[in-house]
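Engineer: Supplied in structure tokens, the structure appears directly below.
The values are calculated or read from the model by the stated rules, or taken from the named source; none is laboratory data. Fair warning: this is a prediction, and the values are worked out from it, not measured in the lab. In this analysis, Cβ positions are derived from the backbone assuming ideal geometry, glycine residues included, and neighbour counts consider all displayed protein chains. For the accessible areas, the whole protein counts, side chains as well, though only heavy atoms, and no ligand, DNA or RNA atoms are used. Shrake-Rupley method; radii C 1.70, N 1.55, O 1.52, S 1.80 Å.
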Amino acid sequence: MSKQLTKAEEEIMQVLWSLKIASVKEVIAELPVPKPAYNTVSTIIRILEVKEFVGHQQKGRGYIYHPLIEKSDYSNDSLHKLMNGYFEGSFKSMVSFFMKENKMDIQELESILKEVDKNKKL
């Protein structure tokens, strides 16, 4: 997956990933105030369809939308792009950066390492 989402597109995708299926009105209901206009959300969803992030099914006179890309797949791809673009592909460099910048203590790092180790065993 090489396509990246804009901030607005990602906000819509977060809602669709959460709801699984939704109409434009249902997406708008989940967005923070100030709510975007119906036409704005509808246009963004159509762009997401062109980018093949979203699919639809007709329901009455309208459409119900659903994600075509799993959130975990998009997250993984975005993380790899971040790591490759800013940390020369080094996970170690990326973690070191976040530890320094976020003033992470050793207990937090150990907790993360335990989680990584647990996921390796799955």
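Engineer: Where does the chain land at 222 nm, in deg cm²/dmol rounded to the nearest 500, when only DSSP H runs of n ≥ 4 count, each adding -39500 (n - 2.57), divided by all residues? Kindly include the intermediate steps, with their values, before the conclusion.
Structural biologist: Details: 6 runs with 76 residues, N = 122.
That comes out to -19500 deg cm²/dmol.
Engineer: Sticking with this structure for a sec: Given Cα pairs under 8 Å that are at least 6 residues apart, what percent is the relative contact order of the chain?
Structural biologist: Normalised by residue count, the contact order of the chain is 21 percent.
Engineer: Angle between the Cα long axis of helix 106-121 and the longest principal axis of the chain, 0 to 90 degrees, nearest 10?
Structural biologist: The two axes meet at around 70 degrees.
Engineer: Any chance you could list P(r) for region 23-74, counting all Cα-Cα pairs in 10 angstrom bins from zero, rounded to whole %?
Structural biologist: Percent of pairs per bin, in order: 23, 53, 23, 0.
Engineer: If MET104, MET83 are ordered by their accessible area, calculated over protein heavy atoms with a 1.4 Å probe, which sequence runs from highest to lowest?
Structural biologist: MET104, MET83
Engineer: On to the next question. In terms of solvent-accessible area of protein heavy atoms at a 1.4 angstrom probe, what is the ranking of SER18, SER75, SER42, highest value first? Please report the intermediate quantities before stating the final value.
Structural biologist: Working: SER18 85, SER75 60, SER42 15 Å².
Most to least solvent-accessible, the answer reads SER18, SER75, SER42.
Engineer: Tell me the angle of helix 91-101 to the major Cα principal axis of the chain, expressed in degrees between 0 and 90 and rounded to the nearest ten.
Structural biologist: 90
Engineer: Please report the base-10 log of the normalised intensity I(q)/I(0) for region 69-122, using a Debye sum with one equal scatterer per alpha carbon and no solvent, at each q in 0.22, 0.30, 0.31 (1/Å).
Structural biologist: For region 69-122 at q = 0.22, 0.30, 0.31 Å⁻¹, log10 I(q)/I(0) is -1.02, -1.08, -1.07.
Engineer: So, one more: Taking +1 at the Cβ of each Lys and Arg and -1 at the Cβ of each Asp and Glu, which of GLY85, ILE28, LEU5 sits farthest along the dipole of the chain towards its positive end, judged by Cα position relative to the Cα centre?
Structural biologist: Checked the options; the winner is ILE28.
Engineer: What size of dipole, in debye to the nearest 20, comes out for the chain about its Cα centre when the only charges are +1 on Lys and Arg C-beta atoms and -1 on Asp and Glu C-beta atoms? Numbers along the way, then the final one.
Structural biologist: Values: 18 positive and 17 negative charges, 66 e Å.
Taking the Cα centre of the chain as origin, the dipole is about 320 debye.
Engineer: Further question on the same structure: Hey, with R₀ at 25 Å, roughly what FRET efficiency would SER96 and LYS120 work out to, going by the Cβ-Cβ distance, to 0.05?
Structural biologist: 0.75
Engineer: Helix 38-50 versus the longest principal axis of the chain: what angle, 0 to 90°, nearest 10, using Cα atoms?
Structural biologist: Roughly 60 degrees, rounded to the nearest 10.
Engineer: Mind checking the dipole of region 62-121: about its Cα centre, +1 per Lys or Arg Cβ, -1 per Asp or Glu Cβ, Debye to the nearest 20? Display every interim value, and only then the final one.
Structural biologist: Details: 9 positive and 10 negative charges, 20 e Å.
For region 62-121, the charge dipole is close to 100 debye.
Engineer: Then there is this: Can you give the accessible area of ARG46, probe radius 1.4 Å, in Å² rounded to 10?
Structural biologist: Per-residue accessible area (ARG46): approximately 120 Å².
Engineer: Using only Cα atoms, locate the centre of region 72-122 and the centre of region 21-54, then give the distance between them in Å, rounded to an integer.
Structural biologist: Rounded to whole Å, the Cα centres lie 31 Å apart.
Engineer: Let me ask something additional. Starting at 0 and stepping by 5 Å, how many percent of the alpha carbon pairs of the chain end up in each bin?
Structural biologist: Taking every Cα pair in the chain, the percentages come to 2, 9, 16, 17, 13, 12, 11, 11, 6, 2, 1, 0.
Engineer: Moving on to the next point. Projecting each Cα onto the charge dipole of the chain (Lys/Arg +1, Asp/Glu -1 at the beta carbon, about the Cα centre), which of GLN57, SER42, LEU16 comes out farthest on the positive side?
Structural biologist: GLN57
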